[in-house]
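Q: My questions all concern the structure below.
The values are calculated or read from the model by the stated rules, or taken from the named source; none is laboratory data. All of these numbers come straight from a predicted model, not from anything done at the bench. Reconstructed Cβ throughout: ideal geometry from the backbone, glycine too, with neighbour counts over all protein chains shown. Heads up: the accessible areas ignore ligands, DNA and RNA and are worked out on the full protein's heavy atoms, side chains in. Shrake-Rupley method; radii C 1.70, N 1.55, O 1.52, S 1.80 Å.
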Amino acid sequence: MTIQTPQRIGLFGGTFDPVHLGHLRTAIELAENYSLSQLRLLPNHRPAHRDQPTVSTAQRIEMLEIATQNLSQLIIDPREAMRDKASYTFDTLTEFKQECPDSTLIFFMGQDAFSAFDTWYRWHEILELANLVVIDRPDANLSDWALNLMAKQADKIGDRIIDSATGVIECCSVTQLAISATDVRQRIANRQSVDFLVPERIKQYIVKHRLYSEARN
Ligand code: ATP
């Protein structure tokens, strides 16, 4: 009899406006480091914690699909993007748990997002549905609230994502690429190069569809 180990599914949300090499390098390393069966990239439609994105949802999804064409472990999951109301991580994780009850879920977020995690809808319950990995971001610092929660976690000796189904919070370092979508958008608006900040095919898509040519932020 073969004993099947539960599948480990990673979830990595964001605006991806546009997807850049910082996202992609991070996603590949997370999938490797946590031996994920798959890492789902979840573009937001109307982010609950962010301003509205500057291009259409369909275009952001198309760019993600182009960028991940040869990366089979990365799967674009448009469910949040397709919702016509504010998308909450709690709702998404509840859905996943119903769809894959035997899988372990790992939700990944940057330090910037984790610092405000206490403002997220039903954040306590998010930890009952998934484990959480906080990714080091260049130039980001954790809030006092986040540091306190991490310190409490550190007391739970022995709890590691590798053998826990839910409720563990870990930090993770990935190769630091100080790229942000804000900076990519600004460079395009300023007619500057975005070579080696986004994949070549994304650059071509942006030029073809004349995206981000007006400065917004
Ligand atoms: P913006 O500049 O518009 O705020 P962003 O570049 O931070 O965008 P998001 O779409 O907000 O990108 O990010 C999605 C996820 O990717 C978040 O968890 C974020 O912390 C992470 N992320 C973004 N850029 C990087 C990077 N350079 N390295 C590691 N993680 C990143």
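Q: Just wondering, is there one or more residues in region 142-150 that are at pLDDT below 90, in contact with a His (Cβ under 9 Å, 6 or more places away or on another chain) and in a helix (DSSP H, G or I)?
A: no
Q: Across region 180-193, which residue is farthest from Val133 (Cα to Cα) among those that are open to solvent by less than 70 Å² (accessible area, probe 1.4 Å) and assigned to a helix (DSSP H, G or I)?
A: The qualifying residue farthest from Val133 (Cα to Cα) is Ala189.
Q: Let me ask something else. Go through region 20-42 residue by residue and tally those that are aliphatic (A, V, I, L, M), within 11 Å of the chain's Cα centre (by Cα) and within 11 Å of the ligand (Cβ to nearest atom). If you could, list the steps in order and put the result at the bottom.
A: Let us first name the residues in region 20-42 that are aliphatic (A, V, I, L, M), namely 21, 24, 27-28, 30-31, 36, 39, 41-42.
Subset that is within 11 Å of the chain's Cα centre (by Cα): 24, 27, 30, 39, 41-42.
Narrowing further to those that are within 11 Å of the ligand (Cβ to nearest atom): 24, 27, 30, 41-42.
Selection size over region 20-42: 5.
Q: Check Asn217 against each of (1) outside any loop (DSSP other than H, G, I, E, B); (2) modelled with pLDDT under 90; (3) farther than 26 Å from Phe96 by Cβ; (4) open to solvent by 80 Å² or more (accessible area, probe 1.4 Å) and name the one condition it does not meet.
A: Failing condition for Asn217: (1).
Q: Looking only at region 60-115, count how many residues are open to solvent by less than 30 Å² (accessible area, probe 1.4 Å), more than 13 Å from the ligand (Cβ to nearest atom) and not hydrophobic (A, V, I, L, M, F, W, C).
A: 6
Q: Which of the residues that make up region 116-135 are touching a helix residue (DSSP H, G or I) at 6+ places or on another chain (Cβ under 6 Å) and within 13 Å of the ligand (Cβ to nearest atom)?
A: Phe117, Val134
Q: Looking only at region 194-214, count how many residues are more than 16 Å from Arg25 (Cα to Cα), open to solvent by 70 Å² or more (accessible area, probe 1.4 Å) and not charged (D, E, K, R).
A: The qualifying residues number 3.
Q: Tell me whether region 164-179 contains one or more residues that are assigned to a loop (DSSP other than H, G, I, E, B), modelled with pLDDT under 95, surrounded by fewer than 16 Cβ atoms within 10 Å (Cβ to Cβ) and out of contact with any Asp or Glu (no Cβ under 9 Å at 6 or more places or on another chain).
A: Yes, there is a match, as at least one residue in region 164-179 is assigned to a loop (DSSP other than H, G, I, E, B), modelled with pLDDT under 95, surrounded by fewer than 16 Cβ atoms within 10 Å (Cβ to Cβ) and out of contact with any Asp or Glu (no Cβ under 9 Å at 6 or more places or on another chain).
Q: I would also like to ask the following. Pairs under 9 Å by beta carbon, first residue more than 25 Å from Thr166 (Cα to Cα) and small (Gly, Ala, Ser) in region 7-33, partner more than 9 Å from the ligand (Cβ to nearest atom) and open to solvent by 30 Å² or more (accessible area, probe 1.4 Å), six or more apart or different chains?
A: Gly22/Leu197
Q: Restricting attention to region 95-114, which residues are more than 24 Å from Arg60 (Cβ to Cβ) and out of contact with any strand residue (DSSP E or B) (no Cβ under 8 Å at 6 or more places or on another chain)?
A: Gln98, Pro101, Asp102
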